[in-house]
Amino acid sequence: MEILSLLADGFATSLTPINIMVVVIGVTAGLFIGAMPGLGSVNGVAIVLPLTFIVPPSSAIILLAAIYYGAMYGGAISSILLGIPGASTAVATTFDGRPMAQQGKAGLALIAAAVASFVGGTISVILFTLFAVPLADLALAFGPAEEFALVLMAFTTFVGLGGDDVMKTIVMICLGLVLSTVGLDLISGQPRLIFGDLPGFYSGISFLVLAIGVYGVGEVLYTIETSRTAPSVTAAKLTMRALGEGIREMNKLWKTMSFGSFLGFFVGMLPAAGATPAALMSYGLAKTFSKKPETFGRGNIEGVAAPETANNAASTGSLLPMLTLGIPGSPTTALLLGGMVMWGLVPGPMLFIEEPDFVWGLISSLYTANVAAVVINIALIPLFVWALRMPFSVLCTVVLVLCIVGGYAPSQKLHDVWLIAGFGIAGYVLRKADYPLAPLVLAIVLGPLMEKSFRQALISSQGDMMTFVERPLSATFVGLSVLFFVLPVIKLVRQRKSKSPAPAE
Amino acid sequence: MLAADRIIALALMGLSIYFMWHATVLPIGWEEGAGPGGGAFPFWLSAAMLAASAIILIRSFISHPHEGERFFPDADAIPQVAGVAGLLIATIAAIPFVGAYVALMAFMAIYLRVFGRHGWTLIAILTLATPVFLFFFFEVTLKILLPKGLTEPLFIPLYAAFF
Amino acid sequence: MINTFTRRGAMALMASAALVLGAPASAESWKPNKPVEMVIMAGAGGGADLLARLFQSIIQKNDFSPMPVLPVNKGGGSGAEALRYLKDKEGDAHIIMATLNSYYTTPLRTNIGVDIEEFTPLARMANDNFILWVSAESDIQNLDDFVAAVKEAGDSFKMGGTGTGQEDSLVTAMLENEFGIKFTYVPFEGGGTVAKNLVGNHIDSTVNNPAEQMGFYKAGKSRPIATFSEERLEAFPDVPTMRELGHDVVYTMQRSFVGPKDMPAEAAAFYTEMFEKLSQTEEWQTYAADEALDATFLSGDALQEFLLNGREVHREILAGMGELGS
């Protein structure tokens with residue numbers, strides 16, 4: 001009950017009129033920043049952080065929480081409307097969000113994303129409130145071997161994601177993994193695959209560059225070609241009936257959403273993993289356990305809800321290692337950590353004991369920001385849907401301009417913009433030749449995590465592979481990975497036998 | 001489609017070999033007591049990619065997949081797709097010299113006129129509104145500077161006014 | 001509001017007009033007329049990044065610069081990306097770079113065509129320290145226990161640190177040479193992750209900076225064995241230095257700012273003065289004391305001498321490790 005009274009104190013500060021205004025401004029700004037391809041919560045937080053010295057600390061925390069949540073909600077908007085994941089956490093949202101928009105159900109998809117984000121955020125904040133301190137020990141138990149096993153599991157939940165053509169899927173996974181090794185090899189400290197010593201490759205190829213390239217530029221080129229014969233985007237309409245239908249549809253998804261929330265929170269809590277693997281796993285598992293897996297990737301509302309609950313839950317979960325262990329799980333939490341250090345707070349196990357005002361102020365801000373984000377997001381959906389109704393050629397120009405500027409903004413290197421153009425054209429050609437692009441993007445997200453933890457674990461164990469199965473946590477994940485790998489394969493074999501059409505990407 | 005399939009498979013094989021060659025700069029083998037070397041992941045994954053694309057190539061001679069399909073179902077679209085891609089590349093190439101604002105304005109004007117066949121009024125509104133939005137959103141609000149090239153001196157009074 | 005707006009605009013117009021006409025500006029009157037890029041030689045979230053962003057906030061809060069100072073991370077290739085970038089900005093008055101020890105080691109380990117002697121030294125803000133840590137659950141209480149434990153473990157005693165060739169690995173190599181021992185060095189992506197892996201017992205020891213272990217240390221989860229500083233640290237009065245224990249292993253991490261080659265002298269003077277004012281602020285003094293930093297300010301020739309001396313020290317260490325590039 002001590003928690004409740006601490007939380008009540010937090011709410012007392014976060015619900016004053018001035019702070020409510022701060023939340024509304026923060027969430028709205030965050031939504032637009034997150035909706036911009038290439039920009040995410042990290043940009044919003046970076047701008048606001050220096051301001052926090054000027055405003056009172058309690059308002060500062062609330063503003064940061066509001067921008068953080070706003071941007072997380074916003075990521076889904078560009079995934080659904082433009083088909084470009086605004087951040088790596090929203091990759092999986094494009095798989096079904098984009099087809100829904102093409103079928104004229106953009107409004108429904110946006111509502112699903114908002115509601116799912118709200119559910120994910122709420123469940124994880126509650127988990128956070130109740131179990132933050134004991135869970136820190138679980139995060140500590142995660143060493144390199146466990147990290148590798150977890151990433152392996154994230155990978156295997158996606159076996160079913162490829163196209164019908166197994167060989168082409170393998171090519172794309174390998175290509176993504178190879179591209180993810182570009183840059184500096186952490187273990188030996190030596191540069192590799194820097195292609196003629198181009199300094200632009202020193203920092204590797206970021207996921208965003210590849211995703212903006214293949215999904216942004218590539219998609220525009222593909223649409224230009226196909227839309228000459230038949231327009232592929234159905235004009236989106238949002239009526240009250242559609243809204244009601246959306247809410248009814250969401251009602252059926254309670255199981256998926258609550259599962260996604262728990263999964264997201266626990267995966268997000270682990271320092272190295274974060275929200276991206278969480279969202280991918282949630283999508284993969286929703287598909288594996290669905291009665292109609294073949295509808296995934298073709299505009300299934302469940303395919304929007306599953307990753308969105310998980311990534312919001314994970315983003316909340318990732319605050320846990322930052323606060324309790326002082327380890328940032330993402331660039332955004334790294335900035336928040338920097339902010340805390342500037343305020344004179346020492347993150348770590350003692351923070352909850354020494355600075356309860358700060359911790360519970362932050363947690364109550366999360367509740368407030370989450371509620372504000374869902375309300376503002378739903379209120380703005382008609383605006384976003386309306387934006388889709390602009391003429392196709394105008395939309396194309398806007399998307400291409402956003403690809404260039406959004407690709408430049410995160411690293412401020414023209415090199416990355418060139419890569420985007422290159423990946424865009426290559427992605428267009430590959431897509432026409434039936435190479436699935438989703439495995440490529442997944443591989444570049446998970447690849448660096450996988451190689452790094454694999455090699456760290458082997459160095460620690462003196463090169464003994466048994467380390468992955470001797471440690472109980474790691475062994476559990478490896479076992480689950482095998483299960484997730486075998487399950488869709490069995491399904492596939494059965495389908496082949498019954499001669500039913502195999503699921504496309 | 002068949003020819004395109006083979007060309008792409010060959011291109012991917014070439015790419016894999018190129019990657020493998022670069023990867024050999026670092027050790028590609030298993031190092032005693034330390035697991036795989038720095039080049040092992042890129043090398044062996046490229047090797048797997050090489051094998052898989054080789055199978056795709058060989059397969060195309062055995063089973064003739066996609067027979068009768070055409071890579072460009074709508075040949076009229078080729079100039080348009082190539083035109084957009086070319087315009088995009090020209091725009092990026094122009095950014096270091098004339099700056100992002102001029103390059104993007106020119107890109108939008110040309111695209112909307114040539115590919116969209118829109119009226120000049122709409123083009124004028126869009127090409128003028130976009131840089132203003134970009135400046136206030138990226139530079140003033142988010143403090144992310146866009147490349148200016150030769151147009152840099154024109155921005156100095158703007159910086160003084162808005163920063 | 002409108003008043004200041006137009007006045008500032010007019011002043012800036014005049015200033016830019018003066019520049020265009022080529023009017024010589026004196027050291028006092030030069031001010032940046034566009035946002036200043038602060039290149040960080042490390043990725044987001046690391047120690048160098050945190051510090052650079054702290055400086056940015058203090059500058060903004062106290063209005064030390066009329067134009068915003070904007071941090072840009074260029075951490076690729078252990079800072080090689082940042083060094084190459086700064087090299088291409090010759091004569092630019094609106095770019096500064098926050099450095100750390102990779103300023104020395106990266107050009108020494110790989111040939112990237114950068115000579116740090118050419119850059120314009122601006123200010124050294126601090127020297128950070130290193131401490132040898134073990135988990136609080138460990139039986140190791142002092143340096144003798146530590147060396148004995150490493151020897152007993154053969155070469156399977158795990159030392160965690162940042163990437164190979166970076167500071168932590170250099171300190172580890174110095175320890176190996178001094179005591180004739182061998183570690184299994186496990187590289188991680190950042191100091192915070194190293195600290196967590198120590199407390200989670202995935203590695204046996206670390207040479208973290210004080211700031212990286214502070215949270216765990218205060219919670220009683222990690223134990224400092226000895227510091228690599230010249231003298232005892234105020235924040236850790238009971239922890240002996242390596243030198244006190246009879247081992248001459250001293251290593252610190254510099255946190256300095258440099259400008260590109262041929263940065264205009266008046267611009268360099270402006271930034272040096274800005275950082276000097278910054279180093280006297282209460283915020284910075286408090287932070288430095290809390291994190292056990294040596295915040296002695298250095299600038300000009302003294303700084304250049306310090307930096308070139310640092311490069312020679314690192315040349316020797318790297319040569320000893322066999323990590324020196326051609």
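Every read-out reported here was derived from the displayed coordinates using simple, explicitly stated rules and does not represent laboratory data. Because the structure is predicted, anything quoted here is derived from the model rather than measured. Here Cβ is always computed from backbone atoms with ideal geometry, including for glycine, and neighbour counts include all displayed protein chains.
Listed values, structure above:
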read-out	value
Under-5 Å amide H pairs with C:N73, H placed in peptide plane, nonlocal only	C:I40
Cross-link table C:K61/C:K218; A:K452/C:K221; B:K148/C:K61; C:K34/C:K74; A:K168/A:K255, entries beyond 24 Å C-alpha to C-alpha	C:K61/C:K218; A:K452/C:K221; B:K148/C:K61; A:K168/A:K255
For the stretch A:423-445 versus the stretch A:45-70, the gap between their alpha-carbon centres in whole angstrom	38 Å
Within the stretch C:131-227: Cβ-based charge dipole about Cα centre, in debye rounded to nearest 20 (Lys, Arg +1; Asp, Glu -1)	280 debye
Förster-model FRET efficiency, 51 Å R0, A:A379 and B:I58, C-beta, rounded to 0.05	0.35
The stretch B:30-100 and the stretch B:130-163: distance between their alpha carbon centers, rounded to Å	36 Å
Debye, to nearest 20: dipole size of the protein assembly as shown, +1 on Lys, Arg Cβ, -1 on Asp, Glu Cβ	4640 debye
For peptides A:175-187, A:427-439, C:111-123, C:300-312, sequence by mean Cβ density within 10 Å, most packed first	A:175-187, A:427-439, C:111-123, C:300-312
A:V493/A:M240 FRET efficiency (R0 56 Å; Cβ-Cβ; nearest 0.05)	0.75
In the stretch B:49-123, trypsin sites (Lys or Arg not before Pro) in a DSSP loop with at most 13 other beta-carbon atoms within 10 Å	B:R70, B:R117
Cα gyration tensor, chain B - rounded (a/c under 1.5), prolate or oblate	oblate
DSSP bridge pairs, chain C: antiparallel proportion in percent, nearest 5	55 percent
Net lengthening on full extension, B:R6/B:A161 (0.36 nm per residue, minus Cα-Cα)	50.0 nm
Unit charges on C-beta of K, R, D, E only; dipole of the stretch A:123-215, Debye	140 debye
Peptide-level mean, for B:21-30, of C-beta atoms on other protein chains within 10 Å	3
Packing-based ranking, highest mean first, of A:276-284, C:192-200, C:65-73, C:129-137 given that Cβ atoms within 10 Å are counted	A:276-284, C:192-200, C:129-137, C:65-73
Helix runs (DSSP H) in chain C reaching 20 Å along axis by Cα, Kyte-Doolittle at least 0.5	C:2-21
Cα-based shape type of the stretch C:131-227, given that a ≥ b ≥ c are square roots of the gyration tensor eigenvalues and the cut on a/c is 1.5	oblate
Amide H partners (placed H, <5 Å) of C:G161, local residues excluded	C:V186, C:F188
Label-to-label distance, nm, for residues given as C:E234 and B:V140 (7 Å Cα→Cβ offset)	4.5 nm
Cα centroid separation - the stretch A:101-139 against the stretch A:357-377, whole Å	13 Å
